[in-house]
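J.: This is the structure, below, for whatever I ask next.
Rule-based calculations on the coordinates, nothing more; no lab input. If you're wondering where the values come from, they're calculated on a predicted model, not measured in any experiment. Here Cβ is always computed from backbone atoms with ideal geometry, including for glycine, and neighbour counts include all displayed protein chains.
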Amino acid sequence: MAADLTDRLLGGGTLPSRQNTENAATAKQSAGMRNAAWAAVGRFLSMAAMLVALFAALVLIVVPVATGSQTYTILTKSMAQKYPPGTFMVMKPAPFDELKYGDVITFQLYSGRPDVETHRIVGFGSTQEGKKTLITKGDNNGAIDANPVRAIQVKGKLFYAVPYVGFVVNFLGNSDRETWTVVAAVALIGYGAITVYKSVRKTRKRDDAAAGVA
């Protein structure tokens, strides 16, 4: 009892309480800093995902549609190593007379049929009527293509290629490609809009909270 009374008279009894308060405040501050750090990471990841989605929409949908290009998927190894199977090819219309040696083109194997091939121009020829033809070859093939390519067969010249994306396109189905393109565009744009809205809303809440504390 004497020792307890002495501690109280000397003010020792208040030290544990003050220390506990300081520890609690420090712990709360640390927790707040951790939560803020995780929130920042979450915002960064959300923004990164939005940018990737918007880039995908731009490269895979917007640009091909805006330029009147057609899209195809490499299915064989004839253009490996540069364009392996699954490569998504965007082929832009080009005047036949402007096609040159080394250009990668997509052409109908037979005029009027849907079957197409994507090979590189390795030479030029002409028909008996004197019309220009193209000699083509797959980069990974040992011999040139058996038949020369006429102007009516050419679907487009390579604009750009995206590796592996073609597998997704094939999974969705070529027959429904236009429908899936619209769905993908709407989904990507909607996702981007929602992400931006959430980010702006969180920023406003933090600003309002800071203003209230001030």
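J.: Excluding D139 itself, what net charge comes from residues whose Cβ is under 10 Å from its Cβ, given Lys and Arg +1 and Asp and Glu -1?
T.: Net charge around D139: +4.
J.: Pull out the extension gain between K82 and V168, defined as 0.36 nm times the separation in residues minus the alpha carbon to alpha carbon distance; nm, one decimal.
T.: 29.0 nm
J.: Moving to a separate point now. Under the 0.36 nm per residue contour assumption, what length would be gained going from the current alpha-carbon distance of A39 and V63 to full extension?
T.: Roughly 5.2 nm would be gained on extension.
J.: Using the beta-carbon distance between F55 and D139 and R0 = 25 Å, what value does 1/(1 + (r/R0)^6) give for FRET efficiency, to the nearest 0.05?
T.: It comes out at approximately 0.35.
J.: Would you pull out the residues with amide H under 5 Å of A94's amide H, same chain only if 5 or more places away, H placed 1.01 Å from N?
T.: Amide H to amide H, under 5 Å and 5 or more residues apart or across chains, A94 pairs with K157.
J.: If you average the C-alpha positions of the stretch 32-99 and of the stretch 104-118 separately, how far apart do those two centres end up, in angstrom?
T.: 24 Å
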